[in-house]
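Derivation of every value follows stated rules applied to the coordinates shown; laboratory data play no part. Small disclaimer: the values here were computed from a predicted structure and weren't measured. With ideal geometry, Cβ positions are generated from the backbone for all residues, glycine too; neighbour counts draw on all protein chains shown.
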Amino acid sequence: MSENLLLVPVFLPIAVGVLVFFIPKMVKGVREALSLLTAAIAFVVVFLIFRMEESHLFISIIEIGDFNLHLDLLSAPLASFILLFATGFGLLISLFSASYMAGKERYKEYYGYFLFALGGTAGVFLANHFLLFLIFWEMVTASLYFLITTGEPRAREGATKSFAMIGASDACLLMGVGILWFLNRTFVISDINLPAEGWLPVLAFLLLMVGSITKAGAVPMHTWIPTASEGAPASVMAYLPAALDKLLGIYLLVMISTKIFVLGYSLGLVLMIIGAVTIIAAVMFAMVQHELPKLLSYHAVSQVGYMVLGIGTLTPIGIVGGLFHMLNNSIYKSCLFLCGGSVEKKSGSNELGDLGGLSRSMPITFITALIAALAISGIPPLNGFASKWLVYQGVLETGKGGSFIFLIAAMFGSALTLASFIKVIYSVFLGQKSKYTEKVTGDSGFAMVFPVVVLAILCLFFGIFYRFPVEQFIAPGVGVSLTPMGIWESPLATILLIAGIALGLIIYWIGRAMRSVRTADTFVGGEKIEAETIRVEGTYFYDTIKELPLMEKFYLSEEKGHFDLYILFGKLRAWITGALQFLHNGILSTYLSWSLLGIIVLLCLSIFLL
Amino acid sequence: MIYTLCFVLFLIGLYCAITKKNIVKIVIGLTLMEYSANLFLILLGYRKGGVAPIVSENMNITEFLATSVDPLPQALVLTSIVIGLGVTTLAIAICIRLYEKYGTFDITEIRRLKG
Amino acid sequence: MNMALLPSMVAIPLGIAFFTYLLARKSSILADILGNLATFSILVISILLIKTRGVYVIGGWNPPIGINWVLDGLSNLVLVVVALISFAATIFSTRYMEQYTARYKYYSLFLLMVGGMNGVILTGDLFNLFVFLEVASVASYALVAFGCNHEELEASFKYLVLSSIGSTLVLFGVAFVYGATGYLNMASIGGIMATGNQNTILTVAAVLFIVGFCIKAALVPFHPWLPDAHPSAPAPISAMLSGVLIKALGVYALFRILFNVIGLNQLYGTLLIVLGLLSMTVGVFLAVGQWDFKRLLAYHSISQMGYVILGVGLGGYILATGGSSSVAALAILGGIFHLANHAVFKSLLFLSSGSIEYSTGTRQLKEMGGLISIMPVTRTTCSIASLSIAGVPPFNGFWSKLLIVIAAIQAGFHAVAGITILVSFITLISFLKVLRYAFLGELPEKLKNIKESPALMGVAQAILALFCIGMGLLLLPGPREFLLEPAVNALIQGVEYARIVLSGS
C-alpha cells in the first residue's frame, strides 16, 4: 500500500495539469485553487514518503527483448529530501503566481505547464529506471519552454534558446544512458556502478555531465538562463531555472559522480575547473547587468559554480557542501526572483535604472530581499555562508597544490557577488524614488509576500542551524559521515553578531539624538533643483568595470556571443545548410545527374562486393 | 547482345533527359527510357522462330509450349505502354502549361523552387 | 468472411473516383460527401480487417498464374495508416478546397491515388505492384499541379520526370526478376530465393528496385523532387504525399521486396543504413534553414524517412549477419512504428500549415507571428505535432526514435545512435524555429484581423493530434500484439513469406 503513495506526487500534478487545460475560459479562480491544492497535497505526500522507510514500486510496462521500460519508483532518502524542497517551492510559487499571474494574457495555460513541471520533477527524483528518468526530465524541459512563452512576446527568444540548449543536453543524456546500458546491460539506476576508466565509460560520464550541468546552468552551457530571463514571468524564473532545474541538475551530477560512476581525480578536476570558471565568469557578467532578472539569472549561474566545485572535489564534505549549497541557492535565489517579480508587478519596470527608493513603500520585500542578498553573498550567519564554508573545506581537503587557486576563485567570486548585490539593493530599494517607484504606495498582497517571507526565514534557519539538515539528511543520503566540520559554531556566532549589530544601533541612535542637524532641500545657485535630475543610478558605478582595459575585450566578445555555444553552433549549422542549399540549385539536370550518380555507385558497390 | 542494345537505348534516353535543356526533349528522353524497358520485356519472352502464343483447340500443348513465345511479357508490355501513354500525356500537358506561365521551354530558366 | 472485404479496399476508392467525376460536376457538396464517404468506408474496412490474415486470389486463378493479394501484418498496419490519413485529409479538404475550383476533379484524383496506394500495399504480384505504383503516381503528379501556378507546374514537372525514371527502373527490375526466375508472383520468387541461389542478375534487379523505390521514397541523393512537389500541392494533398504516399509507394514497397521477395543480405542492409543516415542528416540540415513553412516540413519528410529506413535496415543488417534476433526485431519495430508515427504527425503538420495559410494567406514564417492568441486550435495541434516530430516524450515520435536509438546501441553501433540523436536535436531546433516565428512574438500589423480556420479543418487536425498523443500506447503489450508485432514479424520472416502465402492460397 505504502509504495502506491509514490504515484501521487508524480501523477496527481500531471493529471490535474491536463484537467486545467479543459477548464473553460469563463471560470475564474479554479485553476489557482486547483494548482495550490495539488501542490499542497504533493507536499504532504512527499513529506509522508520522506518520513517512511525506503519504498519501491515496480510495475512492468513494456518489455521487448532487451529493451524494457518499467514504472520503477524508488524513494531514496536523499531524493525524497530534495523532492520535499521541490514540492515546497511548487507550493510557495503557486501561491505567488495566483497574484502575480493574474491578469496576464495566457495565465490559463500557465498552471497546466506549472503542474506538469512539478509532476515531472517528482518523477525524476523517484525514478529508478533511466528511461523513465529521461522521460520525466524531458517533460520538465518542455514545460519550462511553454512556461517561458507565457511571458512577454520577446520571451520567445529565451524560450527557444532554453529548449534548444536543454534539448541538446537531453540528447547527450540519452546517448549517455544508452552507453551505460551497453556497459551494464541494465537501465535500473540503482544497479549501475562502474569505474570511469576507459574511453567508453568516460564518454558516458561526460555526456551525462553535460546533461546535468546544462540543466543546472554551468559554464559553458549556461547561456539559456540569462536569455530566458528576458521576458519570462518572474515566477517562472524563480520556479524552474532558480529552483527546480538546479535541484534536478545537481542531483543528477551527484548521482553520476558518487553512485553511478567511481570517478578518478582527473574527472574531478574537470568538474572543479568548470565550477571555478563558472563562479568567476558569471559573476563578472552579472555585475554589469542593468535588468534585474538578467542580473539575478547570471548569479543563478554563478552559484552553480560552487555546487559543481564542491562535487568536483570528490571529498565527502565537498559533495555534501555542494548539495547543501544547491538547496540554499534555490531558497535564496527563488526568494530574490520573487522579490524582483513583486517589485516589477508594483512598479511596472525591472530596469535597475528605473527603480529606487522602494525600501519605505515595500518594507517587507526590502527586508526579505536584503536577507536573501546577504545570503547569496555568503555573509555569516546566513545559509549561503554555511554551505560555501563546507565547499571551501572540501576544496582544501583535496590537498593538491592547485587547490588554492580554486579556493581563491571561490572566495573572489563571493566578494564580487556581494559587490553586485550592493548595487541591486541600492538601485532598487535605496536612493531616490524614480517616476516608476513614486506611485508605489504599499507592499504587495499576502499571496506575494508570504512566499518570500517563508523563504527568507528558511535562509536564516538553514544558516544558523545548518548542522541539522547537513548531518541528519544530506550526509546520510550521500552515504558519508562527516567527522570534522570545521570550527564554525553558527548559533553562538549569530548571538554575537546580533549583539554586535544591536550595540551599533544603540550607538547610532544615541549619536543622532545628541547632535542637532538642519535639513534643507538641495539647491544650486539659490535655485532648487528637481529631484529627478540629481538622481544617481546604482548601475552607473559599475559601468566603469566595463571600461577597464582587459575587461573591455572580454565583455565585448561576450556581447557578440563568442562565449555562447548556442550562437556558435547556430553559425556552424547555418554554414552547412548554406552549402547544401547552394547545391540544390533548382535545375532539373543537376538533380537527374545526382540520381544517375547514385545508381552508378550502388550498382558498382553491389556488383563488386558480392 | 540484344539486351545490351536495350540498355544502350535506356542510356540514350537518360542522356537526353539529363543534358537537354528543352523540356519537351526531356519528355522524349523519358519515353525513350520507358520504351527501352518495354523492349527489354518483349525480348525476354521472345523466341527465335517461335509461333504466336494463341492456343486453338486442336493443338498439341507440349509442342505448342516448346515453340511458342512467352505470352506473359506481351501482356505486361501492353499494360505498360498504356501507362506510359498516360504519363507522357500528362507530361506534355504540364509542358504546355509551363510554357504559358514561364514563356520558355528552357528547363534552366524554370527554377523558382530551389534551396 | 472478412477476406471478401479485401477487394473493396481498392474497389471503393477507384469506383467512387469514377462516379465522383461523372456525377459531381455540378455540385461540389456532392463531391465532398462522396469523397468523405469513400475514405470513411475504407477506414472502417481497414479497421475491420485488422485481425484478418490471408490471401485473396483474383478471379479464381491461383498463383503463380493469377494475381493474388496478400494481407499480412505489415500491409495491415500500412492500410490502416493510409485510411486514417486519407480520412483526415478529406475532412480537411471540405473547407480548405473552397479556395480552388473543380472539386470533383480533386476528389477523383485523390481517390485514384488512395486506390493506387492500397493496391500497392495489398498486391502480391510484382507487375501488379508496378501498375498500382503508376496509378498512384500519375494521380499525384496531377494533384501537385492542381493549383496551375508557376511553382505548382514547375514542381509537378520535376516530380514527374524523376519519378517516371524511378518507375522505369522498377519496371526494369521486374523484367530482370522475371528473366531470372520466370515468375512474377512475389511469393513464388521468394520461394526460389529461399533455396539460396544468388546471382548477379538478381543483385542488379535488387539494386534497380532499391533505386526505383528510393526515388519514390525521396531518399538522398534521389530526393530533390520532394521539397519542390510536396509544398506546392494543396495542404491536404501535401499531407497525403508526405504522410503516406512516399511510404506506401517507396518505403513499404522497398521493404516488401527486399525482405520478402529477394531476401536480405549484408550488402542490402548496409545500403539501407547508409541511405538512411545520409537522408537523415542532409534532410534535416536543409530543413532547418528554410523559411517557407511547407518546404521546411517537406525536407523533414526526407529526414524522417531516413529514420524509418535506418531502423529497418539496421534490423535487416543484424538479421543478415546473424546477430541477436531480439535486437533486430527492436530495430525493425522502431522503424515500422516510426513510419506510422511519421504519417500521423507529418500530416498533422501539413494540415496545420494549411490552416495557417488559409487564415493568414502566407507560408513564409517571417511574415507570421503571434498567432498563439488568434488560432488556439491550430497552435495546439501544431505544437503537439512539433513536439512529436522532435521526439519529446510522451508524444509518439519519441517512442519510435527511442527504439531505434536503443536498438542501434544494443547492436553496438554507437556512432549511428549518436547521429540519430544529433538529427533529432536539429529537428527540435527547426521546430522551435517554426513555433517561435509562427506562433510566438508580436502579431504583425496586417494580420490583426484574421480568424481561426473553420471548425471542420480543426476537427481533422484534432483527430490526428489525439493520435499523436495516444499512439505511444500501441507499444503496450496488448495493442502491440495485434498491430505492430505482426508487422515486424512479416518482415523478419523474410523469404519464409513464400511458404506462408503459397500454403494459404
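Worth pointing out:
- Tilt relative to chain C, helix C:396-410 - C-alpha long axis, 0 to 90 degrees, to 10: 40 degrees
- Phi angles of segment A:303-317 translate, via the Karplus equation with coefficients 6.51, -1.76, 1.60 and θ = phi - 60°, into HN-Hα couplings of 5, 4, x, 4, 5, 5, 4, x, 5, x, 5, 6, 9, x, 5 Hz per residue; Gly and Pro are given as x.
- Selected from A:Ser169, A:Phe462, C:Leu133, residue furthest toward positive end of dipole (the protein assembly as shown; charges at beta carbon): C:Leu133
- Estimated distance in nm for a label pair at C:Leu22 and A:Phe412, the labels positioned 7 Å out from Cα along Cα-to-Cβ: 8.9 nm
- Radius 14 Å from Cβ of A:Ser75, net charge of other residues (Lys, Arg +1; Asp, Glu -1): -3
- Cα centroid of segment C:1-48 to Cα centroid of segment C:104-129, whole Å: 12 Å
- The angle between the Cα long axis of helix A:403-429 and the main principal axis of chain A comes to about 60°, on a 0 to 90 degree scale.
- Burial ranking of peptide ranges A:46-54, C:2-10, A:116-124 (average Cβ count within 10 Å, highest at the top): A:116-124, C:2-10, A:46-54
- Spin-label pair B:Thr67/A:Glu438, simplified geometry with 7 Å Cα→Cβ offset, distance in nm: 11.7 nm
- The mean count of C-beta atoms from other chains within 10 Å of the C-beta of residues in C:365-377, rounded to a whole number, is 1.
- Structure note, pairs A:Lys346/C:Lys451; C:Lys158/C:Lys451; A:Lys435/A:Lys528; A:Lys108/C:Lys448: Cα-Cα distances above 29 angstrom occur for A:Lys346/C:Lys451; C:Lys158/C:Lys451.
- DSSP-loop GluC sites (Glu not before Pro) across segment A:72-145, with at most 15 other Cβ within 10 angstrom: A:Glu105
- In loop segments of segment C:243-301 as defined by DSSP, there are no trypsin sites (Lys or Arg not before Pro) with at most 16 further C-beta atoms inside 10 Å of their C-beta.
- Annotation note: GluC sites (Glu not before Pro) in segment C:440-476 located in DSSP loop regions with a Cβ neighbour count of at most 15 within 10 Å are C:Glu442.
- Estimated from the Cβ-Cβ distance and a Förster radius of 56 angstrom, the FRET efficiency linking A:Arg154 and C:Ile65 is about 0.20.
- Hits among lysines - C-alpha to C-alpha of A:Lys571 under 20 Å, sequence gap 8 or more where chains match: A:Lys161, A:Lys560, C:Lys366, C:Lys433
- Spin-label zone in segment B:1-36 - amide nitrogen under 14 Å from a point set 7 Å from the Cα of B:Glu109 along the C-beta vector: B:21-24
- Cross-link reach list, aspartates and glutamates versus A:Lys345, counting only Cα pairs under 12 Å and skipping chain neighbours closer than eight places: A:Asp443
- Cα-based shape type of segment B:2-109, given that a ≥ b ≥ c are square roots of the gyration tensor eigenvalues and the cut on a/c is 1.5: oblate
- Relative contact order (%) - criterion: Cα under 8 Å, at least six apart; region: segment A:336-436: 43 percent
- Cβ-defined net charge surrounding A:Asn193, 15 Å radius [Lys, Arg +1; Asp, Glu -1]: 0
- Sequence-distant contacts, meaning Cα pairs under 8 Å at least 6 residues apart, place the relative contact order of chain C at 18 percent.
- C:Lys51 sits among other residues whose Cβ lies under 13 Å from its own Cβ, and their net charge, with Lys and Arg +1 and Asp and Glu -1, is -2.
- In a reduced charge model with +1 at each Lys and Arg Cβ and -1 at each Asp and Glu Cβ, the protein assembly as shown shows a dipole moment near 1540 debye about its Cα centre.
- Cross-link reach is defined here as a Cα-Cα straight distance under 17 Å, omitting same-chain residues fewer than 8 places apart; for A:Lys553 the aspartates and glutamates meeting it are A:Asp543, A:Asp564.
- Taking the C-alpha atoms only, the angle from helix A:199-216 to the longest principal axis of chain A is near 40 degrees.
- Contact order normalised by residue count of chain A, Cα under 8 Å, 6+ apart, percent: 12 percent
- Centroid-to-centroid separation of segment A:543-610 and segment A:51-87 [C-alpha atoms, Å]: 42 Å
- Over the protein assembly as shown, dividing the summed -39,500 (n - 2.57) contributions of all DSSP H runs of at least 4 residues by the number of residues returns a 222 nm mean residue ellipticity of -23500 deg cm²/dmol.
- Modelled this way, with points 7 Å down the Cα-to-C-beta line, the labels at A:Ile567 and A:Lys528 are 4.8 nm from one another.
- Spatial separation of Cα centroids for segment B:37-115 and segment C:341-364, in angstrom: 38 Å
- A cut-off of 5 Å between modelled amide H atoms, ignoring neighbours fewer than 5 places along the same chain, links B:Arg111 with no other residue.
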